[in-house]
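Pasting in a structure now, in structure tokens, and then I'll have a few things to ask.
Read-outs: derived from the displayed coordinates by stated rules, not from any lab. The structure presented is a predicted model; accordingly, all values stated were derived computationally and were not measured. In this analysis, Cβ positions are derived from the backbone assuming ideal geometry, glycine residues included, and neighbour counts consider all displayed protein chains.
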Amino acid sequence: MTRQLRTEPSIPDGARVAVVGAGGRLGRAFCDALAGRATVFPLSRRELDLASPGAIRKILGGLDFDQLVMTAALTAVDHCEDEPEEAHQLNAEAPGLIAGICEARGARMVHFSTDFVFDGGKEGPYTEQDEASPISVYGASKLAGEQRVLAASSRHLVARTSWVYGPHRPAFPEWIVAQAVAKDSLSLPAEKLGAPTFTSDLVDMTLRLMFPAGGEPAAGIVHLCNDGSCSWRDWGQACLDLAAAAGVPLKAREIQPGTLGDIAAFKARRPVNSVMSTARYADFAGQPPRAWCEALAEHLSRSGPILALREPALP
Ligand SMILES: NC(=O)c1ccc[n+]([C@@H]2O[C@H](COP(=O)([O-])OP(=O)(O)OC[C@H]3O[C@@H](n4cnc5c(N)ncnc54)[C@H](OP(=O)(O)O)[C@@H]3O)[C@@H](O)[C@H]2O)c1
């Protein structure tokens, strides 16, 4: 990728963007951000089922787009462990098919992938050059999807992200606050490290890569997360501190340090360290991502007072 000066995304008049996964957390954030700035084709599961190659060909063949953002995936990590064929179809075969359709019509594709492609054994942040070595069916299916997308075109972009949350669908922050409202004591793994990422920032970073003010759009693999890293326990604690400050009545105020092994419900193995370097993004965009704690504070300051009323969502 070539170095850019720090700029806002420069979306040309007449840009036509298809968003696959438009009903999901990230897909909805893309649709909101692009509204009024581009012609958007929102495709939720109802319009386009990744399980049906025929439907994918028919629906995409009938749309006139020049960019496609692929946010749809089978994201239930433990379910993937039980249903490896479904995971492979939705997370590997379908993105590969879509990537080929995009290439054939001269459209670029941005495909979202995950920190779960890494085994978590590295000390320090993973770069785009580090070997991916997934330890779960979900991670393996997402890695296979990356490989198919990149094999279809050298112009496609694979954006790996981690610990995603945002206003359009409850995620870990809403879940941990609901837990703290309901329970007296909580613990979370203190050895598991990563980078929480706010959908609003993730969309903004992606648009800078898709629509740079000068030069070619980014291609290949790039890591896109908020800046910095923390343990799962510290992420939860930050959520509780912000919720308490917003007036949410918490029974548990402190999260005790636990380990991944304490969570019996997890079928899939999770990477212990999945911090990813965002240096490549910063080089392209001319600025680093925003710090994760600032982004989290913005999210929870908007949603804090209603947090306790939401349905708990498993992370
Ligand atoms: N969430 C995270 O922490 C995280 C971390 C790293 C990477 N990622 C990646 O980021 C991307 C976006 O994740 P997200 O947080 O937005 O997840 P999400 O809210 O679960 O969105 C995924 C979307 O995919 C749709 N989908 C599932 N099966 C489908 C099918 N058969 N056909 C069509 N659509 C289908 C879902 O439809 P429904 O709305 O009907 O469920 C949902 O709207 C994914 O590629 C994910 O792997 C996420």
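Using the scaling law 2.2 N^0.38 Å as the reference, what is the normalised Cα Rg of segment 112-201?
With N residues counted in segment 112-201, Rg over 2.2 N^0.38 Å equals 1.31.
So what J values fall out for segment 164-170 if you push phi through Karplus, 6.51 cos²θ - 1.76 cosθ + 1.60 with θ = phi - 60°, rounded to Hz, Gly and Pro as x?
Working through the residues one at a time gives 7, 9, x, x, 8, 7, x Hz.
Got a sec to turn the phi values of segment 224-240 into Karplus ³J(HN,Hα) couplings, 6.51 cos²θ - 1.76 cosθ + 1.60 with θ = phi - 60°, whole Hz, x for Gly and Pro?
10, 9, 5, 6, x, 8, 7, 7, 4, 4, 5, 5, x, 4, 4, 4, 5
Run the numbers on segment 78-237 and let me know its relative contact order in percent, using alpha-carbon pairs under 8 Å that are six or more apart.
Contact order relative to length: 25 percent.
Once amide H atoms are placed 1.01 Å from N in the peptide plane, what residues at a sequence separation of 5 or more from Phe211, or on another chain, have their amide H within under 5 Å of its amide H?
Ser10
Students often forget the sequence filter, so: which lysines lie under 19 Å Cα-Cα from Lys142 once same-chain residues fewer than 8 apart are removed?
Within the straight-line limit of under 19 Å, Lys142 reaches these lysines: Lys267.
Cα centroid distance between segment 254-286 and segment 170-191, in Å?
What the calculation gives is 16 Å, centre to centre.
What order do you get for 45-51, 196-202, 93-99 when each peptide is scored by the mean count of other beta carbon atoms within 10 Å, highest first?
Highest-to-lowest ranking by the protection proxy: 196-202, 93-99, 45-51.
Figure the gain on full extension for Gln287 and Ile263 (residue separation times 0.36 nm, minus the Cα-Cα span) and round it to one decimal in nm.
4.9 nm
Further, regarding this structure: In whole angstrom, note down how far apart the Cα centers of segment 13-77 and segment 127-147 are.
The distance from the Cα centre of segment 13-77 to that of segment 127-147 comes to 23 Å.
Go ahead and run the numbers for FRET between Ala151 and Ala51, Cβ-Cβ distance against an R0 of 22 Å, rounding to 0.05.
Plugging the Cβ-Cβ distance into 1/(1 + (r/R0)^6) gives 0.55.
Moving on to the next point. Would you mind telling me the antiparallel percentage of the DSSP bridges in segment 118-255, rounded to 5?
Bridges in segment 118-255 are about 30 percent antiparallel.
With each label point set 7 Å from Cα along the Cα-Cβ vector, what nm distance links Glu298 and Glu83?
According to this spin-label approximation, the distance is 3.5 nm.
Right, next: When the helix-only estimate is applied to the chain (DSSP H runs of n ≥ 4, each -39,500 (n - 2.57), divided by the residue count), what is the mean residue ellipticity at 222 nm, nearest 500 deg cm²/dmol?
-11500 deg cm²/dmol
Neighbour counts of other C-beta atoms within 10 Å: give me His168, His223 arranged from fewest to most.
His168, His223
Per 20 Å bin, what percent of the C-alpha pairs of the chain does each bin hold, from zero upward?
33, 59, 8
When only C-alpha pairs under 8 Å and at least 6 residues apart count, what is the relative contact order of segment 39-132, in percent?
In percent, rounded to a whole number, it is 30.
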